[in-house]
1. I need 46, 55 ordered by Cβ neighbour count within 10 Å, fewest first.
2. Order of 1, 61 from fewest to most other C-beta atoms within 10 Å?
3. Could you work out the helix-only [θ] at 222 nm for the chain, with each DSSP H run of four or more residues adding -39,500 (n - 2.57) and the total divided by the number of residues, to the nearest 500 deg cm²/dmol?
4. What span do the alpha-carbon atoms of the chain cover on each of the three principal axes, reported in whole Å from largest to smallest?
5. Can you give the angle from 0 to 90° between the axis of helix 18-29 and the longest principal axis of the chain, with both taken from C-alpha atoms, to the nearest 10?
6. Give me 21, 62 ranked fewest to most by other Cβ atoms within 10 Å of their Cβ, as a rough exposure proxy.
7. Taking the Cα atoms only, what angle lies between the long axis of helix 51-60 and the longest principal axis of the chain, rounded to 10 degrees?
């Protein structure tokens, strides 16, 4: 079953390669979506894929790369499954 999740990661997560780490992990798990920095200092991500793998990624987001210091990971599963009309076909870093 495919799901989509929107996540917001706070702490020391910008300037520590968090987005590149997230892309690497999402690619390894076969997820689609995107990750970007937010003006608030958080990292925002949209994850799509098999439910078990999406939730594994959310759990891994608590760690991040070695230089990160994650304070919180908030997320919500989109109630209609995949948020976009057409599922994304890859995972990308957005600027």
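1. On the way: 46 20, 55 16.
By the 10 Å Cβ count, ascending, the order reads 55, 46.
2. Values: 1 6, 61 25.
With the fewest neighbours first, 1, 61 line up as 1, 61.
3. Details: 2 runs with 22 residues, N = 95.
Per the formula, -7000 deg cm²/dmol.
4. 33, 24, 23
5. Result, in degrees: 30.
6. On the way: 21 21, 62 13.
Exposure proxy ranking, most exposed first: 62, 21.
7. Its long axis makes an angle of about 0 degrees.
Every number in this text was worked out from the coordinates using simple rules, so none of it is lab data. Keep in mind it's a predicted model, so treat the numbers as computed, not measured. Cβ sites come from the backbone with ideal geometry, for glycine too, and all protein chains shown count toward neighbours.
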